[in-house]
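Visitor: The structure is given below, and queries will be raised subsequently.
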Amino acid sequence: MNTQAQPEPAAAVQARPPMAMLAELTHRCPLSCPYCSNPLELAAKASELGAADWATIFAQAAEIGVLQVHLSGGEPASRRDLEEIVGAAHAVDLYTNLITSGVGLTERRLDALVDNGLEHIQLSLQGVDAEMADRIGGYRGGFARKMQVADWIARREIPLTLNAVMHKQNLDRLPDTIELAVELGARRLEVATVQFHGWATRNRAALMPTRAQAREASRIVAEARERLRGVLVIDYVTADHHAEYPKPCMGGWGSTGFNVTPDGRVMPCHAAHTIPGLVFEQAPGTHLGDIWRHSAAFNAFRGFDWMQEPCRSCDRKTRDFGGCRCQAMAFAGDARATDPVCIKSPLHARLQEAAEADAAAEGAELVYRTSPA
Amino acid sequence: MTAPAATLPETARPRLLRGVRTKFDRVRDTWVLLAPERTLKLDQIGHAILSETNGERSFGEIVDRLAATYNAPRDRIAEDAGRFLASLIDRRMAEAR
């Protein structure tokens, strides 16, 4: 086991210590949401890291400056050793956040998780009623179960964030979504308009919101933020295909955090594997400090030297870092290109036309996520 | 419609909410405030304010103690501490009873 980061010459771009890590504990999940951010090629159960490996990874993460760990999946509660994994993160004083659908949690498990140091839960929301939520999640009874879990969380006064993925089919229920978050006692609500990576790319026609929906959502969020100040904090991920400038993806590639897959590959973001040629080192065999500082994949888009025009001379580059590399790859066929969401991209018009066409499409069938082997 | 509170009443007893805590970050050599999906870097003043904030002391007592410790004008301390704590309350990281 390599527990000591090797001293090496400075990388081309000096990386600041990472703030956070996303730990994809498993790709298994009882739900099969058609916008799942997991890769199309899911990690098999047999390839999953054990709890001891995760403990080593958390210790390395804390050593290099990580402060928060987001325990995600798939559904992390699908792992019977989740409690032990939470305990390992807590033991090295990482702030522990569980990202869950709620399915697989019981009162006994919640108590054990809190006893082992769990500090916060982010509960996903597929809709505000069983009809919508169970259809989108592809899991009958999921909504009722989720509401039960939300009640258990509230009774225990565990800090709660609701994460509502919004799209063409449920954006019109945004006011009810905000109302539900208040009723459930959530401190925070993430209004996350679906981003078209992973499984969502197969469901563009079923999920792409209209421009009018996106604009109305922005208005509703602005109004609710003002009205609910001190009651509910709302984070808002906009529908970027209708935007003029790209999102500052990951706060800049390799700048603030990283993602560890169920089998231990360390990636700058959850879609980075869609960029050909990037090689992802394996944790915990390779120390996270080595990976963070020296991985060619992490250094590929750090700083500004990799940029082409129009990014290179753009004064917005320090704000949005040229947008999303995976989206550039997907649409421009070049991960160094400007994110085509940007009005300065030659592909901007085509991206928006495609978005408008998908938004106008009616009756598209959902393609559900499958299960890993 | 509630306007953002610029300060706290002298009698209010502020405290951090569950799931919000301070930590000394050895790697960056600074105090930080850890909260759900948020990390705030604390400057010396922010850390001093939170060190006096425990849910038992009133805002007035907190200001008195800080003014004595740092030998600083009470008005100035009240303004800084009030603005800081009110911003944490707005962001659902703290409460005042």
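Visitor: I need the helices (runs of 4 or more DSSP H) fully contained in segment A:174-237, keeping only those with at least 1 residues that are within 14 Å of chain B (Cβ to nearest Cβ) and surrounded by 21 or more Cβ atoms within 10 Å (Cβ to Cβ).
Guide: In segment A:174-237, A:174-183, A:211-227 are the helices (runs of 4 or more DSSP H) which contain 1 or more residues that are within 14 Å of chain B (Cβ to nearest Cβ) and surrounded by 21 or more Cβ atoms within 10 Å (Cβ to Cβ).
Visitor: So, restricting to helices (runs of 4 or more DSSP H) that lie completely within segment B:31-97, which ones have at least 1 residues that are on the phi < 0 side of the Ramachandran plot, out of contact with any Phe, Trp or Tyr (no Cβ under 6 Å at 6 or more places or on another chain) and within 11 Å of another protein chain (Cβ to nearest Cβ)?
Guide: B:74-90
Visitor: Next up: Can you name the residue in segment B:15-30 that is touching a residue at least 24 places away in the same chain (Cβ under 8 Å) and facing chain A (nearest Cβ under 9 Å) and is also surrounded by the most Cβ atoms within 10 Å (Cβ to Cβ) among such residues?
Guide: Per the criteria, the residue is B:Val20.
Visitor: Another question, if that's okay. Within segment A:115-163, can you find the residues that are of a type outside the set (A, V, I, L, M), within 14 Å of chain B (Cβ to nearest Cβ) and free of Cβ contacts under 8 Å to residues at least 40 places away in the same chain?
Guide: Listed by number, the residues that qualify are A:Gly117, A:Arg155, A:Glu157.
Visitor: Something else about it: Here is a list: A:Ile57, A:Ile64, A:Ile85. Which entry is more than 19 Å from A:Ile158 (Cα to Cα) and in contact with a strand residue (DSSP E or B) (Cβ under 9 Å, 6 or more places away or on another chain)?
Guide: A:Ile57 is the lone residue from the list that is more than 19 Å from A:Ile158 (Cα to Cα) and in contact with a strand residue (DSSP E or B) (Cβ under 9 Å, 6 or more places away or on another chain).
Visitor: Continuing with this model, one more query. Quick test for you: out of A:Thr261, A:Thr370, pick the one residue that is among the polar types (S, T, N, Q), farther than 26 Å from A:Ala243 by Cα and surrounded by fewer than 16 Cβ atoms within 10 Å (Cβ to Cβ).
Guide: Exactly one residue qualifies, and that residue is A:Thr370.
Visitor: Which one is farthest from A:Gly141 (Cα to Cα) among residues in segment A:100-116 that are open to solvent by less than 40 Å² (accessible area, probe 1.4 Å) and among the β-branched types (Val, Ile, Thr)?
Guide: A:Thr100
Visitor: Please name all residue pairs, on different chains or six or more residues apart, with Cβ atoms under 8 Å, provided the first residue is in segment A:282-296 and is within 10 Å of A:Thr56 (Cβ to Cβ) and the second residue is basic (Lys, Arg) and open to solvent by 50 Å² or more (accessible area, probe 1.4 Å).
Guide: Note: pairs meeting the criteria are A:Ala283/A:Arg265.
The values are calculated or read from the model by the stated rules, or taken from the named source; none is laboratory data. Computed from a predicted model, the values in this text were never measured in an experiment. FYI the Cβ positions are ideal-geometry reconstructions off the backbone, even for glycines, and counts take in every protein chain you see. Side chains included, ligands, DNA and RNA excluded: accessible areas come from the protein's heavy atoms. Shrake-Rupley method; radii C 1.70, N 1.55, O 1.52, S 1.80 Å.
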